[in-house]
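*Asks:* Starting off with a structure, shown below.
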Amino acid sequence: SDHMENIYGYLMKYTNLVTGWQYRFFVLNNDAGLLEYFVNEQSRHLKPRGTLQLAGAVISPSDEDSHTFTVNAASGEQYKLRATDAKERQHWVSRLQICTQHHTEAIGKNNPPLKSRSFSLASQGSANSPGVQRRPSQNAVSFFNVGHHRLPAGKRVPIMQPDHLVDVREMMSQAEGQQRDLIRSIECLPVSGHLTSLDQDLLMLKATSMATMNCLNDCFHILQLQHASQQKGSLPAGTAISWLDPKISLANHFKNGAAQNFPAEVNKPASVREEQSIAEPCQLTREPEEINPDEELEDICDDKEDDLGAVEEQRSVILHLLSQLKLGMDLTRVVLPTFILEKRSLLEMYADFMSHPDLFIAITNGATPEERMIRFVEYYLTSFHEGRKGAIAKKPYNPIIGETFHCSWRMPKSDVATDAGSNFSAHSSSEQVTLSKDREGQTELDYYTVKFVAEQVSHHPPVSGFYAECVERKMCVNAHVWTKSKFLGMSIGVTMIGEGLLSLLEHGEEYTFSLPCAYARSILTVPWVELGGKVNINCAKTGYSASINFHTKPFYGGKLHRVTGEVKQNMTNTVVCRVQGEWNSVLEFTYSNGETKYVDLTKLSVTRKRVRPLEKQGPFESRRLWQHVTESLRDGDIDKATEHKRALEEQQRNEERLRAETETPWCTKYFLKDGDGWVYHKPLWKTVSTVQTQQTDTN
């Protein structure tokens, strides 16, 4: 190819936080499939300072700017590079991608095709057991007694008639059972010895058998649609399609105010049937529901996520999962194993970021725009510690579309800092219990109430909307977040795409903000959470802004969970506050007057949210929806939790497929689409009169 020429030139290479970016001379060796670099062009005749094999690599232009790109080798090594401009970056990226594709395809051609291997384990050992001699008869097919039938020579397959679908379904059910037995047999093998559960051939057999069954399910679904179309001429409303999964009535599912009813399946637990059907006496309407705060009770749930047992026991499952992932791969549609799940939905996790309502309410009490911006930064940085449950990196449940979460907080007015200055209260555990008891005896007028509602407004991409308000203080926050996850080798990165808006109606101020990225590190040993990236907070009216950096730990040295930031007045470019410390430990705030304040987040009092009991929650509210998964995880029954989780996910996939086929759009309940974002249907800025806001501005 004309594009396979060797290219060379200077690029900037990111080394570490100490040395940062450095100019290096890079050479693309197309013949060898290597990217090499030297200190400078003069040292090109010497041994390269570094070399990357491009076969199997991923070349990714960065979203940071138009100059940066990364080269992720199959070995896990990564080069972060920067060109002088967008044109030069495109030149390097295109040449690297051509070279990578060429050498990756060459490796595929040089390896035997899957058919010739026949999953044979009779070769001299494997990657997991080098040098081990196996008997010729001991291969995966014979070991698991997996066979197939051949038609006699010259006999044609008859055309499938509609009435044969029942027989096909029965055969597929048998095949699914055999496939499950196969997977179970592989997973029951030891992790060491002659034949292990991590054998490359067996892992390939697991993956291909699962893919085959998924393909057959899709084909069977197409045949069902054709059958229904031939009999009815079309699919009118109310047609019940006979799925391999539970039957779903189209008319009932899409009609507001109608309950769903599915036939019970005797071979599944009652709780699973309930999840699949969500057959409830209440009305499944998409109309917004007003939640009465008096029905909510102080939450007594306290699920910490510090159990390492499941992670240790399921390491083979993690290895199997990693064997199927590629660097940079989008994990949005990847089903992760159940044992890594937290006992809460992602929607509830967003609510837990509001666990310091006293600091939230205190923002609007700031006497000046400068003080209000500083208070918002203080609140923002203290929210992440309680948002994480324990030190282990576990993943909350992926909300299903239409899922909602409601809660509220009651905060005694005496606990909220006034304009005399920001006041972080740090009650001890005994003081907190006493305080909680005292609150029950107070009148309603002594409280501020903060209400919270969240909804999963989209499934692909997965977008959540959440909204919180304090009516008494005329303040509210609206946000939408798209969680985009990627596989990074030995870690998983989650980008929180979206924007939040804090409105202080008493002052006519709006603060826009974003969220940092999250990383699950050391996923093969003890996974832990790290935040990273730059976050900006801006108030256009006052001209104040804040820049916050969540620093990821460098490979060598450095502190964990470090955060730095500054608040400044944009017009004068004056820094009025600096912050440094750890987002899950101690923060240090230094103000322009020379004062310094330390905040120990581990001692900061947490206000428990108030949630309605399960029996009063709607069928699509998070805790009720996921209750059987949560109970099974608490009991340590991973298999049962997986079964309940799969039932919910299958239902969501089936409903999404039905909506696509009937061209029925999804209708949200609490949030409305607004440009690229989502806005609560009845935000406080719409209900508070414009006259009051203008009077406040005048004062």
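The values are calculated or read from the model by the stated rules, or taken from the named source; none is laboratory data. These numbers come from a predicted model, not from an experiment. Reconstructed Cβ throughout: ideal geometry from the backbone, glycine too, with neighbour counts over all protein chains shown. With ligands, DNA and RNA removed, areas are computed over all heavy atoms of the protein, side chains included. Shrake-Rupley method; radii C 1.70, N 1.55, O 1.52, S 1.80 Å.
*Asks:* So for segment 323-334 (the condition being modelled with pLDDT under 80, assigned to a helix (DSSP H, G or I) and not basic (Lys, Arg)), does at least one residue qualify?
*Replies:* yes
*Asks:* Oh, and also: Scan Glu88, Glu77, Glu36 and give me the residue that is within 32 Å of the chain's Cα centre (by Cα), open to solvent by 30 Å² or more (accessible area, probe 1.4 Å) and among the acidic types (Asp, Glu).
*Replies:* Unique residue meeting the criteria: Glu77.
*Asks:* Continuing with this model, one more query. Search segment 619-659 for residues being small (Gly, Ala, Ser) and touching a Leu at 6+ places or on another chain (Cβ under 8 Å), and hand back the single one that is modelled with the lowest pLDDT.
*Replies:* The extreme case among them is Ala641.
*Asks:* Right, another one. Which one of these does Pro399 not meet: (1) surrounded by fewer than 23 Cβ atoms within 10 Å (Cβ to Cβ); (2) outside any helix (DSSP H, G or I); (3) modelled with pLDDT of 90 or more?
*Replies:* Pro399 satisfies every listed condition except (1).
*Asks:* Looking at segment 619-639, which of its residues are closer than 21 Å to Glu348 by Cβ and among the charged types (D, E, K, R)?
*Replies:* Scanning segment 619-639 gives Glu621, Arg623, Arg624, Glu631, Arg634, Asp635.
*Asks:* Filter segment 642-691 down to the residues that are in a helix (DSSP H, G or I), of a type in the set (A, V, I, L, M, F, W, C) and open to solvent by 80 Å² or more (accessible area, probe 1.4 Å) and list them by number.
*Replies:* Answer for segment 642-691, where residues must be in a helix (DSSP H, G or I), of a type in the set (A, V, I, L, M, F, W, C) and open to solvent by 80 Å² or more (accessible area, probe 1.4 Å): Trp685, Val691.
*Asks:* Here's another thing I want to ask about it. Among the residues of segment 3-16, is any more than 28 Å from the chain's Cα centre (by Cα), of a type in the set (Asp, Glu) and open to solvent by 40 Å² or more (accessible area, probe 1.4 Å)?
*Replies:* yes
*Asks:* Against the condition modelled with pLDDT under 95, more than 16 Å from the chain's Cα centre (by Cα) and part of a strand (DSSP E or B), how does Gly558 come out, does it pass?
*Replies:* No: the conditions fail for Gly558.
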